[in-house]
Amino acid sequence: MKVLHLSYSDNYGGAFIAARRIHSALLSANLDSIMWVSKLQQGDERITAPGGSYTKARNNLNKLVAKCAVKCVENNQNSLLSPALLRGTLVKKINNSDADVVNLHWINGEMLSISDIGRITKPIVWTLHDMWPLCGAEHYAQDDRWQVGYNDTNRPKSKRGFDLNRWVWNKKKRHWTRKIHLVSPSQWLSQLASQSLLFQGSDVTTIGHPIDLTEWHPVDRSNARLELNLPENTPLILFGAVGGVSDPRKGFDLLLASMQRLKLLQPNFEVVVFGGQKNAQLSELGVKVHVLAHTNNTKELIKIYSAADVFALPSRQEALGLTGMEALSCGLPVVAFGNSGSGSMIKHEETGFIVPAFDVERFAHGLKWCIHNSKTKNLDRSARIFAEQNFAPVKVANQYKKVYEFALDTHVNCEV
């Protein structure tokens with residue numbers, strides 16, 4: 001069996017990193033896997049950007065047209081919208097390839113249009129990295145239109161003019177008539193997928209993302225702090241700020257509010273931020289903040305995770321949370337809200353602390369609890385064991401293999 005993964009990129013972004021790790025996990029389990037991307041970041045003989053200069057130019061033109069279309073109808077846009085408007089050149093290559101199964105990932109940025117996806121003739125498995133396949137143009141829904149259908153009566157009253165989300169959703173419904181097997185990295189997203197009107201009756205399987213546990217592992221905390229120029233004995237709270245300060249979904253405002261409350265509970269702590277620039281709001285907290293430059297270097301990231309006492313993951317919505325996975329793999333307990341995908345990675349008071357949705361008081365309590373109980377309850381050990389039990393590449397690859405076999409059998413039976 002040969003699997004073709006389609007992802008907009010192969011790096012720099014949680015969805016793209018996850019797609020590449022799934023592809024690598026299949027290879028490590030001796031499965032035949034290749035990956036096609038629009039934006040090649042790393043690449044190798046099995047990760048390529050098919051097509052020449054014409055394909056690239058057409059993709060760029062499609063992106064420009066889509067961006068202009070969104071801007072014209074959604075002037076007050078505060079979240080990512082992808083209309084997937086124009087046909088590209090990739091579908092013919094997909095259908096003519098020797099792949100047995102096509103695994104879609106995050107294929108927006110006009111990599112594939114809605115009609116393109118409907119014209120794929122091979123069995124499709126779609127790994128969800130957000131809610132876009134279930135919704136209209138939005139990547140994360142703030143209402144229930146995706147569950148009941150988009151119409152005039154359930155459109156937000158604040159919206160006027162052309163209903164882009166309704167138009168995109170109806171186009172998906174019209175073109176996606178073949179069976180697509182959905183894979184979700186968390187129970188939360190699987191539950192949403194099972195409630196989708198667009199994928200009513202579709203098979204949904206929950207498979208966590210893999211991570212190379214021989215590469216991602218704890219290192220000595222004292223040495224890590226010394227090399228990063230961090231204080232040796234002060235409790236350190238880690239926050240990953242890549243895209244997390246400006247995006248409301250990432251809950252940076254909730255983190256700030258919980259930090260204000262934590263100052264009353266735990267006066268002696270400092271904050272470490274990686275992947276972003278110094279933020280004025282953090283500086284105004286009255287707490288010392290260490291800002292570490294953005295890096296894609298795995299060894300540097302491992303040192304950062306290993307140096308901290310607890311990882312704060314305050315997202316309002318998250319398919320899973322790659323930073324949380326990396327933290328657990330490095331033996332770092334995680335505090336997150338339980339309403340989203342991040343909560344599925346945490347065993348409460350074993351590998352971290354699960355907080356009721358958006359309760360900043362409890363979030364502060366969870367951070368304090370992890371700081372004070374990390375050693376006595378061996379949270380670092382439990383976090384690492386959880387990662388080994390759930391994120392091991394061979395385990396994930398075998399789960400995907402079963403899904404591919406099922407999708408292939410279903411496709412063959414439908415053809416008959």
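Condition check: touching a strand residue (DSSP E or B) at 6+ places or on another chain (Cβ under 7 Å), of a type in the set (Gly, Ala, Ser), assigned by TED's automatic domain parsing to the domain that holds Met345 and at negative phi. Does Gly324 satisfy that?
Yes, satisfied.
Can you tell me which of Leu264, Leu328, Leu282 is part of a helix (DSSP H, G or I) and under 19 Å from the mean Cα position of the chain (by Cα)?
That would be Leu328, the only listed residue that is part of a helix (DSSP H, G or I) and under 19 Å from the mean Cα position of the chain (by Cα).
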All positions within region 237-259 that are more than 20 Å from the chain's Cα centre (by Cα) and touching a residue at least 60 places away in the same chain (Cβ under 8 Å) = Ile237, Ala257, Ser258, Met259
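Can you name the residue in region 226-261 that is among the acidic types (Asp, Glu) and outside any loop (DSSP other than H, G, I, E, B) and, of all such residues, is farthest from Asp359 (Cα to Cα)?
The first filter runs over region 226-261 and keeps only residues among the acidic types (Asp, Glu), leaving 227, 232, 247, 253.
Narrowing further to those that are outside any loop (DSSP other than H, G, I, E, B): 227, 253.
Working: Glu227: 35, Asp253: 12 Å.
It comes out as Glu227.
Of these, Ser340, Ser329, Ser374, which one is at pLDDT below 95, within 21 Å of Arg21 (Cβ to Cβ) and of a type outside the set (D, E, K, R)?
Numbers: Ser329 fails: at pLDDT below 95; Ser374 fails: within 21 Å of Arg21 (Cβ to Cβ).
Result: Ser340 is the single residue among Ser340, Ser329, Ser374 that is at pLDDT below 95, within 21 Å of Arg21 (Cβ to Cβ) and of a type outside the set (D, E, K, R).
Among the candidates Val101, Val148, single out the residue that is more than 22 Å from Val70 (Cβ to Cβ), touching a residue at least 40 places away in the same chain (Cβ under 8 Å), buried (at least 21 other Cβ atoms within 10 Å of the Cβ) and assigned by TED's automatic domain parsing to the domain that holds Lys63. Step through it out loud before you land on a result.
Numbers: Val148 fails: buried (at least 21 other Cβ atoms within 10 Å of the Cβ).
Just a single option satisfies the conditions, and that option is Val101.
Hey, among the residues in region 10-65 that are among the small types (Gly, Ala, Ser), part of a helix (DSSP H, G or I) and within 30 Å of Ile211 (Cβ to Cβ), which one's modelled with the lowest pLDDT? Give the derivation first.
Initial filter on region 10-65 (among the small types (Gly, Ala, Ser)): 13-15, 18-19, 24-25, 28-29, 33, 38, 43, 49, 51-53, 57.
Retained after the next criterion (residues that are part of a helix (DSSP H, G or I)): 14-15, 18-19, 24-25, 28, 53, 57.
Filter once more, keeping what is within 30 Å of Ile211 (Cβ to Cβ): 14-15, 18-19, 24-25, 28.
Numbers: Gly14: 90, Ala15: 94, Ala18: 97, Ala19: 97, Ser24: 97, Ala25: 98, Ser28: 95.
The extreme case among them is Gly14.
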key: Count of residues meeting criterion [surrounded by fewer than 22 Cβ atoms within 10 Å (Cβ to Cβ), over 16 Å from Asn96 (Cα atoms) and touching a strand residue (DSSP E or B) at 6+ places or on another chain (Cβ under 9 Å)] in region 21-43   = 8
message = Report every pair of residues separated by at least 6 positions or lying on different chains whose Cβ atoms are under 6 Å apart, first residue within region 314-326 and within 10 Å of Ser186 (Cα to Cα), second among the hydroxyl-bearing types (Ser, Thr, Tyr) and assigned to a helix (DSSP H, G or I).
response = Glu318/Ser342; Gly321/Ser342
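The values are calculated or read from the model by the stated rules, or taken from the named source; none is laboratory data. Just so it is clear, the model here is predicted, and its values are computed rather than measured. Here Cβ is always computed from backbone atoms with ideal geometry, including for glycine, and neighbour counts include all displayed protein chains.
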